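Enquirer: What follows is a single structure, and I will ask about it in a moment.
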Amino acid sequence: MNPLDRYETLVDDVDAFRAACDRPLPSVVRTNRIKASPVRVRDAFDEAGVAYDPVDWHDGLFRLPDGNPGGNWPHLHGWTHGQEEVSVLPALALDPQPGERVWDACAAPGSKTTQIADAMDDTGTVVANDNNLGRLSALRHNAERLGVTNAIVTNQDARNFSTKPLAFDEFDRALVDAPCSCEGTCRKNPDVLDEWTLDHVHGVAGIQKGILTRAIQATRAGGTVVYSTCTFAPEENEAVLDHALANEACEVVPFDLPLETAPGVTEWEGEEYDESVTRARRVYPHHNDTGGFFCAKLRVGGPDDHAGETEVAR
Amino acid sequence: MSDPDHDLEPDADHEPANDGQRFDRLPATPADREVAGRASREEVLDWWEERFGIGRDFLDGYSFWEKGAGKVWVFNGEADDPSRVEAIGMTFLRTRQEHWKPTTRAVQRFGGHATRNVVELDPERASRFAAGEDQDLPDWDGDWGYLIVAHRIAGGTAPIGVGLYLYDELRSVVPKGSRADLPVVDR
Ligand SMILES: C[S@@+](CC[C@H](N)C(=O)[O-])C[C@H]1O[C@@H](n2cnc3c(N)ncnc32)[C@H](O)[C@@H]1O
């Protein structure tokens, strides 16, 4: 069975959805502003005759129609990082600020960690955690190449993450870019569709709930948690949010993304989810010619608790 | 005491030893040093200043940590005892050897502020350097030893990595995983 069949009832235009899923994706690089401006990257591409197209909703992204994102000087200098377009969305939703304490719970290989560090002007502290040591070595390589100096790398199971090695026990923001069934990456890696099983979906949903729960608990009242996946499966998306809403003090909040999205769904295969999950954003491949994605923004603390919201000066 | 592991346990009577598995903050000055051979923060700051003219204004905000024999890391965040984490900031400098050696990534990150011991290569030489090739460099009249190797790109100069200059030769010490065969870009 092709798992994409399951989602035909969710999308507005089935043919466009299926056609987009069959097309390969272009290579995209993100500018690393720790080391260079988008203008300087563009100038270096011009000088070297590297073809690129700007991405209209993000001035730091460039599509490289000839591929080979690593075969040029800007890459060697750590001015650019190969990253799919949709993959920049969670850090935009997270909106980390200079000087803050941020937890990237499932961080390897570090595309979003390094984007978060960049958004923080490489100040404050981003804790990049992953339970897979091999993938963490790729993260460390990327962080060094991009010149990130504000990251601490930890190797723990995010579900029972301990803040003991840190200088603080609460974060201002946390990102849960969860392990998932990855159907949304089928344009890059069609094998994910062959390997897909419903058992895996249910198994990984349990892990996702555990990690999101820990992220909410580890974030201060008034702080922000972003939950993202690259799957269309509601079991791994809205159902995970619904579980957090039922068990933890948090709310799903509205937020803007700079491209076309669809709202989260409240019903799936006989299950119903909290109405507020419609504030989560679904990104379908045919809407913006990207990979598929899911992203939700949560505010920690009950509805009456807006006390922690004022900026903490440090 | 036949168990070989016991030999690795620091003896309570001895000086504190460097433990290659954990991060320890560098002592502020040589007078604060408790672990033999460990570089101090002052010496590290002095070294960048003397060798490359990178002043304290650029590096004062960072903290410095040792893990492994002589490997110094640079960190810009909050930490008190991160002894058991995988990484803290980025690798910065290799000490505990006669000639201290900056890392390629540190040079790329901070080398743009250098005012001396920077060798600027033309496009053809820059490509050879990035590919890991050694090359003759008879015209260099600066110091011997580790230099910052840079080139012109996109309206400015950018450091590529670390070169070792000895006897009219510039050796590329760009680590294998960071080398690249890049086209010569004439400007
Ligand atoms: C979607 S990937 C993260 C991609 C990464 N955020 C980036 O932008 O480069 C999910 C990651 O979760 C990690 N992971 C899976 N289970 C985990 C757990 N229980 N605790 C921490 N990390 C976990 C996987 O090793 C994998 O690296």
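The values are calculated or read from the model by the stated rules, or taken from the named source; none is laboratory data. Fair warning: this is a prediction, and the values are worked out from it, not measured in the lab. A quick note on method: Cβ atoms are made from the backbone with ideal geometry, for glycine too, and the neighbour counts reach across all protein chains shown. We work out accessible area using only protein heavy atoms, side chains counted, and drop any ligands, DNA or RNA first. Shrake-Rupley method; radii C 1.70, N 1.55, O 1.52, S 1.80 Å.
Enquirer: Using modelled amide H (1.01 Å from N, peptide plane; none on Pro or chain starts), what sits under 5 Å from the amide H of residue A:175, excluding residues fewer than 5 places away?
Expert: Here the answer is A:103, A:104, A:105, A:226, since their amide H atoms fall under 5 Å of that of residue A:175.
Enquirer: Now, a different point. To the nearest 0.05, how large is the calculated FRET efficiency for residue A:133 and residue B:139 if R₀ is 60 Å and r is the Cβ-Cβ distance?
Expert: E between residue A:133 and residue B:139, to the nearest 0.05, is 0.80.
Enquirer: Can you give the mean number of other chain Cβ atoms that lie within 10 Å of the Cβ atoms in peptide A:162-168?
Expert: 4
Enquirer: With a cut-off of at most 16 other beta carbons within 10 Å, and DSSP calling the residue loop, which trypsin sites (Lys or Arg not before Pro) in region A:165-256 qualify? Please list them.
Expert: Here the trypsin sites (Lys or Arg not before Pro) that fit, given the DSSP loop and packing criteria, are A:188.
Enquirer: Could you grab the Rg to Rh ratio for chain B? Cα atoms only, Kirkwood for Rh.
Expert: Using Cα coordinates only, the ratio equals 1.04.
Enquirer: Pulled fully out, how much extra length does the chain show between residue B:131 and residue B:81, if you take 0.36 nm times their separation in residues and subtract their Cα-Cα distance? Could you put the intermediate results ahead of the total?
Expert: Values: separation 50, 0.36 × 50 = 18.00 nm, distance 3.90 nm.
Length gained between residue B:131 and residue B:81: 14.1 nm.
Enquirer: Which value results for Rg/Rh of region B:117-178 when Rg is the Cα radius of gyration and Rh the Kirkwood radius based on the inverse mean 1/r?
Expert: Values: Rg = 10.7 Å, Rh = 11.5 Å.
When Rh is taken as the Kirkwood radius, the ratio is 0.93.
Enquirer: Let me ask something else about it. Please give the total accessible area that chains B and A bury against each other, computed with a 1.4 Å probe and expressed in Å² to the nearest 100.
Expert: So the total buried area for this chain pair works out to about 3100 Å².
Enquirer: Mind listing which GluC sites (Glu not before Pro) in region B:25-85 are in a DSSP loop and have 14 or fewer other Cβ atoms within 10 Å?
Expert: Here the sparse-neighbourhood loop sites are B:34.
Enquirer: Related question: When a/c reaches 1.5 or more, the comparison of a/b and b/c decides; with that in mind, is the protein assembly as shown rounded, prolate or oblate per its Cα gyration tensor?
Expert: Details: a/c = 2.17, a/b = 1.40, b/c = 1.55.
Taking the square roots of the gyration eigenvalues as a ≥ b ≥ c, the protein assembly as shown is oblate.
Enquirer: Turning to a different aspect of this structure: Kindly tabulate the residues in region A:57-97 with an accessible-area decrease of at least 50 Å² between the chain alone and the assembly of all protein chains, using a probe of 1.4 Å.
Expert: A:73, A:76, A:77
Enquirer: With the cut-off at 19 Å, tell me which of the pairs A:188/A:297; B:67/B:101; B:71/B:101; A:35/A:188; A:164/B:71 have Cα atoms farther apart than that. Write down the numbers at each step before the final one.
Expert: On the way: A:188/A:297 26 Å; B:67/B:101 15 Å; B:71/B:101 10 Å; A:35/A:188 28 Å; A:164/B:71 24 Å.
In this structure, A:188/A:297; A:35/A:188; A:164/B:71 lie more than 19 Å apart at Cα.
Enquirer: Just the accessible area per residue of region B:1-154, please: how many Å² with a 1.4 Å probe?
Expert: Working: 7730 Å² over 154 residues.
Value returned for region B:1-154: 50 Å² of accessible area per residue.
Enquirer: Leaving out ligands, DNA and RNA, and with a 1.4 Å probe, what % of the accessible surface on region A:26-83 is carbon or sulfur?
Expert: For region A:26-83, the apolar C and S fraction of the accessible surface comes to 46 percent.
Enquirer: Of the heavy-atom accessible surface of region B:9-103 (probe 1.4 angstrom), what whole percent is carbon and sulfur?
Expert: It is 42 percent, rounded to a whole number.
Enquirer: Whole-Hz Karplus ³J(HN,Hα) for region A:225-235, in order, using 6.51 cos²θ - 1.76 cosθ + 1.60 and θ = phi - 60°, x for Gly and Pro?
Expert: 10, 10, 10, 9, 9, 10, 10, 8, 5, x, 4
Enquirer: Mind checking the full-extension length gain between residue A:23 and residue A:56? Use 0.36 nm per residue of separation minus the Cα-Cα distance, one decimal, nm.
Expert: Working: separation 33, 0.36 × 33 = 11.88 nm, distance 2.04 nm.
Working it through step by step, the gained length comes to 9.8 nm.
Enquirer: Which loop GluC sites (Glu not before Pro) in region A:146-236, with loop taken from DSSP, have no more than 11 other Cβ atoms within 10 angstrom of their Cβ? Each step should come with its number before you reach the end.
Expert: Details: sites: A:170, A:183, A:195, A:235, A:236; in loops: A:170.
Hits after loop and neighbour filter: nothing returned.
Enquirer: Here's another thing I want to ask about it. Do me a favour and compute the ellipsoid semi-axes for region A:118-274 from its Cα gyration tensor, root of five times each eigenvalue, largest one first, whole Å.
Expert: Value: 27, 21, 16 Å, ordered largest first.
Enquirer: At 0.36 nm per residue, minus the direct Cα-Cα distance, what do residue B:17 and residue B:35 gain on full extension? Give it in nm, one decimal, please.
Expert: 5.9 nm
Enquirer: Evaluate peptide A:133-145: per residue, the Cβ atoms of other protein chains within 10 Å of its Cβ; return the mean as an integer. Mind dumping the intermediate values first?
Expert: Details: counts 1, 0, 0, 2, 2, 0, 2, 4, 3, 0, 4, 11, 7.
Shielding by partners across A:133-145 averages 3.
Enquirer: Further question: Around residue A:151, which amide H atoms from residues at least 5 apart in sequence, or from another chain, sit under 5 Å from its own amide H, with H modelled in the peptide plane?
Expert: Long-range HN contacts for residue A:151: A:126, B:76, B:89.
Enquirer: Excluding ligands, DNA and RNA, what is the solvent-accessible area per residue of chain A at a probe of 1.4 Å, expressed in Å²?
Expert: Each residue of chain A exposes 38 Å² on average to a 1.4 Å probe.
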